[in-house]
Structures are given as C-alpha cells and as structure tokens.
C-alpha cells in the first residue's frame with residue numbers, strides 16, 4: 001500500500017472531527033492525529049503571556065497558529081516512518097489555498113515516498129453554525145457571539161489551487177445521505 005498523509009480539512013464545525021474519526025475506524029491500521037490535542041499547550045502560552053485566551057486574536061495569529069500546524073505535521077511525518085496511512089484532523093483552511101505551501105508539503109512527502117490526500121469537508125454554513133452551538137466549546141463563544149463578523153473572515157468554497165488538482169477529495173456533510181455516500185466513496189478510494 002502506498003504511504004499517504006491524509007489531511008481532513010474545512011472551516012470549523014463542518015464535521016472534520018466526526019468524519020476523521022469515522023474514516024480512521026473504517027480504514028483501520030491508521031495513525032489518527034488531531035490538532036486539537038495541542039490546544040491545552042496553546043492555552044498555557046496565552047496564560048504565560050498574560051493574554052486573553054482568544055484563538056481569533058492577533059496574539060494567537062502571531063505566536064501560536066502556524067506553530068500548531070508545524071508541530072502536527074512533524075508528528076505526522078514521523079508517524080509515516082511506521083505506518084502507511086496517517087490522518088490529520090485540522091482546519092488547514094489557509095494552507096489548502098496556498099499553492100506554494102501545498103507544493104512544498106507534497107515535495108516533503110515525496111522524500112518519504114508518501115502521497116498527499118486532502119479531504120475537504122463541505123457543509124452548509126447554517127449547518128456549521130448549528131453544530132458549533134451544539135458542541136458548546138469555549139473556543140467558539142466569540143465566533144457565535146460575532147457570527148456575521150466571523151463568517152465574513154472564512155472562505156467556505158472548495159479550494160481550487162493547481163497543487164490540489166490531483167489530491168483533493170470532497171466529503172459532502174450537510175445531511176445523513178451526503179455523509180453516507182461520501183464515507184463509502186472515500187473509504188473505497190483510500191483503500192485502493
């Protein structure tokens with residue numbers, strides 16, 4: 001089996017975590033990594049810097065965000081030395097729109113004899129708002145309180161940069177029928 005780094009990506013509350021965990025269960029023998037596991041460390045950085053814990057703040061952008069992505073990818077690269085399939089559950093919303101970033105990532109994976117698969121979880125914006133409210137996470141308080149402002153800063157369209165042309169797969173997740181079809185289709189694809 002070809003080695004693959006699988007990024008399950010989308011804006012927050014699109015169903016990335018649920019989809020990622022279900023794919024991992026279907027695929028078996030896969031390393032599952034969730035960038036949210038780094039959140040407790042990030043909170044400590046806010047506290048140590050005497051900053052408000054706000055994952056939408058300039059402080060987060062400058063001192064935490066990109067480092068979280070670097071760390072989870074480094075862990076994923078390490079895991080590829082021991083497993084053929086590594087799945088990372090993380091938004092990667094900016095990165096999948098940056099052709100240079102994806103090109104570098106693919107080149108880095110090629111050195112490890114691995115391919116990139118990006119699964120974009122596509123969900124209606126209103127469904128994401130409902131899911132965000134239902135999960136009742138402290139990190140979403142500002143987003144929900146400032147929903148229009150928050151949504152205006154997010155791009156819910158499918159990424160369409162050249163570097164993704166051979167590795168992007170869409171997972172439709174606005175209702176149960178879409179979810180079931182997408183799960184079957186993508187599981188079959190990843191097992192080939």
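The values are calculated or read from the model by the stated rules, or taken from the named source; none is laboratory data. All of these numbers come straight from a predicted model, not from anything done at the bench. As a convention, Cβ positions derive from the backbone with ideal geometry for all residues, glycine included, and neighbour counts pool all protein chains shown.
Looking at residue 99 and the list (1) under 24 Å from residue 42 (Cβ atoms); (2) modelled with pLDDT of 95 or more, which single condition is not satisfied? Just one mismatch for residue 99, condition (1).
Let's see how each residue does on (1) surrounded by fewer than 16 Cβ atoms within 10 Å (Cβ to Cβ); (2) under 28 Å from residue 3 (Cβ atoms):
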{"position": "168", "(1), (2)": "no, yes"}
{"position": "176", "(1), (2)": "yes, no"}
{"position": "181", "(1), (2)": "yes, yes"}
{"position": "187", "(1), (2)": "yes, yes"}
{"position": "190", "(1), (2)": "no, yes"}
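Considering only residues that are out of contact with any strand residue (DSSP E or B) (no Cβ under 6 Å at 6 or more places or on another chain) and either at positive phi or crowded, with 16+ Cβ neighbours inside 10 Å (or both), which ones fall in segment 78-90? The answer is 90, and nothing else. Yes or no: residue 50 loosely packed, with under 13 Cβ neighbours inside 10 Å, more than 18 Å from the chain's Cα centre (by Cα) and outside any helix (DSSP H, G or I)? Answer is yes for this residue. Taking the criterion of being more than 17 Å from residue 84 (Cβ to Cβ), touching a residue at least 12 places away in the same chain (Cβ under 8 Å) and in contact with a strand residue (DSSP E or B) (Cβ under 7 Å, 6 or more places away or on another chain), the only residue of segment 174-192 that qualifies is 182. Candidates 61, 68, 95: the one that is under 18 Å from the mean Cα position of the chain (by Cα), surrounded by 18 or more Cβ atoms within 10 Å (Cβ to Cβ) and over 13 Å from residue 7 (Cα atoms) is 68. In segment 100-121, the residues that are over 25 Å from residue 19 (Cα atoms) reach residues that are outside any helix (DSSP H, G or I) with C-beta atoms within less than 6 angstrom, at least six apart or across chains, in these pairs: 112/80; 113/3. For residue 6, the conditions (1) more than 10 Å from the chain's Cα centre (by Cα); (2) touching a residue at least 60 places away in the same chain (Cβ under 8 Å); (3) closer than 27 Å to residue 124 by Cα are fulfilled apart from (1).
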